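The values are calculated or read from the model by the stated rules, or taken from the named source; none is laboratory data. Predicted model, so just to flag it, every value in this text is computed and none were measured. All Cβ positions, glycine included, derive from the backbone under ideal geometry; neighbour counts span all protein chains shown.
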Amino acid sequence: MAGNGKLRIGLFGAGGRMGGAIARAAAASDDVEIAGATEGAEADVFVDFTAPDALEENLRIATEAGRPILVGTTGLGDANRRSLEAAAKAVAVIHAPNTSLGVNLVRHLVGEAAARLGPEWDIEVLEMHHRDKKDAPSGTALLLGASAAAGRGSTLEALSRFDRVGGGRREPGTIGYVSLRGGSVAGEHVVIFAGDGERIELGHRAESRAIFARGALAAARWLAGRPAGLYTMADVLGLP
């Protein structure tokens with residue numbers, strides 16, 4: 001903690017959209033301040049919203065400083081995930097494709113619904129983001145899809161279907177994805193459970209990046225002082 005009692009956050013990606021939103025949220029907070037994110041930065045917690053190719057170096061800085069790190073970067077590959085697991089042996093790590101507290105509650109509800117509805121209910125995940133978003137489906141769509149798959153006792157990889165070009169019948173039990181891009185949409189996600197004669201939709205609409213910033217600060221506060229390990233936003237919310 002700083003001499004003024006505030007939690008010091010080392011912010012990677014401060015010049016990006018999310019980095020700027022987090023900096024503004026921290027400036028409006030009375031218990032958090034941005035301390036920079038460089039070698040030797042006096043940070044209590046690091047927060048990373050950059051790009052997959054920057055993850056390795058950012059994890060190195062956090063682990064060598066012996067400080068926890070929240071990783072909100074999306075579009076990570078298998079090698080990135082292995083790096084997260086390795087870092088989590090030394091410090092507390094949260095990987096959060098979406099830091100909104102609302103989205104993470106929806107994630108929990110999606111898993112609950114998938115576990116209780118039979119395989120005759122088809123699952124589709126629809127997401128929309130601003131025109132400049134690079135990865136598709138979004139990290140949040142995959143997070144929701146993984147929860148649905150886990151609810152059915154399976155995995156994201158086994159059930160997900162990303163390309164229906166060419167047509168054909170829907171493969172029973174699978175999870176489909178639709179990605180829309182346009183305008184300045186901060187983020188919209190809907191998980192559709194479609195049965196015969198009825199439909200359930202669980203969704204979340206982000207009206208401002210401020211919600212992700214507030215969630216990131218909540219996660220940073222939670223991380224401070226935690227033992228080494230790989231955590232999720234569900235842990236922050238106290239969800240199973």
Kindly indicate which of 109, 84, 101, 76 is under 17 Å from residue 189 (Cβ atoms), surrounded by fewer than 24 Cβ atoms within 10 Å (Cβ to Cβ), touching a helix residue (DSSP H, G or I) at 6+ places or on another chain (Cβ under 8 Å) and not charged (D, E, K, R).
101
Condition test on residue 207, is it crowded, with 17+ Cβ neighbours inside 10 Å and either in contact (Cβ under 8 Å) with a residue 12 or more places away in the chain or not assigned by TED's automatic domain parsing to the domain that holds residue 108 (or both)?
no
Quick check, is residue 157 over 18 Å from the mean Cα position of the chain (by Cα) and surrounded by fewer than 16 Cβ atoms within 10 Å (Cβ to Cβ)?
no
When every residue in region 89-98 that is out of contact with any His (no Cβ under 9 Å at 6 or more places or on another chain) and surrounded by 19 or more Cβ atoms within 10 Å (Cβ to Cβ) is compared, the one farthest from residue 231 (Cα to Cα) is 97
Matching residues in region 5-51 (in contact with a helix residue (DSSP H, G or I) (Cβ under 7 Å, 6 or more places away or on another chain) and under 12 Å from residue 72 (Cβ atoms)) number 11
